[in-house]
1. For a 28 Å ceiling on Cα separation, which of these pairs sit above it: Lys92/Lys128; Lys35/Lys128; Lys70/Lys92?
2. On the protein heavy atoms, probe 1.4 angstrom, tell me the percent of accessible surface of the range 1-143 carried by carbon and sulfur.
3. Working only with C-alpha atoms, what are the Rg and Dmax values of the range 85-175, expressed in angstrom?
4. Using just the helices of the chain, give the 222 nm mean residue ellipticity in deg cm²/dmol: DSSP H runs with n ≥ 4 each add -39,500 (n - 2.57), and the total is spread over all residues, rounded to 500.
5. If you split all Cα-Cα distances of the range 73-122 into 10 Å bins from zero, what percentages do you get per bin, shortest first?
6. So how far, in whole Å, is the C-alpha centre of the range 66-139 from the one of the range 1-51?
7. Averaging over every viewing direction, what projected area does the convex hull of the Cα atoms of the chain cover, in nm²?
8. Only bridges with both residues in the chain count here: give the DSSP antiparallel percent, nearest 5.
Amino acid sequence: TLRVLLAGNDAAVESLINSLLSVSLTQVSCQDFSKRIVADANWTESFDVVVCVDCDIPTLTAGRWLIFGKPPSISSLNSYGVQPRQAVRTWKSDHKVMAQSQFSDLVVDNAAAIAPTSDWSALLEGSKGPLIVMGRSDNATVMYVAFLPMDSNWPFQRSFVKFTGQSIEFLGALG
């Protein structure tokens, strides 16, 4: 059983994680998440995967992270603002988390503008920049989705279900 922490409130992500087999879910608000991290920086290490939806993450602790929305404080992501509406250009269909998924109909209304360094892999490229990237920062493995699911048409597509489930399984297997 994978121990998953969900920080933030997103009904689509919560429902999807709850539907996964062999997952034990703990959920906290972004505010409670921040308080717990300040009180005990190693708290998140007791989970196999940490999923954050639009939370401020001032410091990234060791572990495996799936982050939606606000970019975490990782200098190699080079976050520089917001990108307006964009469509998908290309994706890495050979990566385990992208397998058997079709992203050509995905439209994103707002995404964080990022220019990650070359040690990050772009898994999904939009018309104005990367939308999903994967990389490492110190002792953390991070899958970063540069937009909130609800800022797109993604929750209504099969690729959202496949990507989220496959990402949690992939990250959990790394531990």
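1. From Lys92/Lys128; Lys35/Lys128; Lys70/Lys92, over 28 Å: Lys35/Lys128.
2. 45 percent
3. 12.5, 36
4. -6500 deg cm²/dmol
5. 22, 43, 35, 1
6. Comparing the Cα centres of the range 66-139 and the range 1-51, I get a distance of 21 Å.
7. 8.9 nm²
8. In the chain, DSSP labels about 50 percent of beta bridges as antiparallel.
The values are calculated or read from the model by the stated rules, or taken from the named source; none is laboratory data. Just so you know, these numbers come straight off a predicted model, no measurement behind them. Quick reminder, even Gly has a Cβ in these numbers, built from the backbone with ideal geometry, and neighbours come from all protein chains shown. SASA here: full protein model, heavy atoms, side chains in, ligands and nucleic acids out. Shrake-Rupley method; radii C 1.70, N 1.55, O 1.52, S 1.80 Å.
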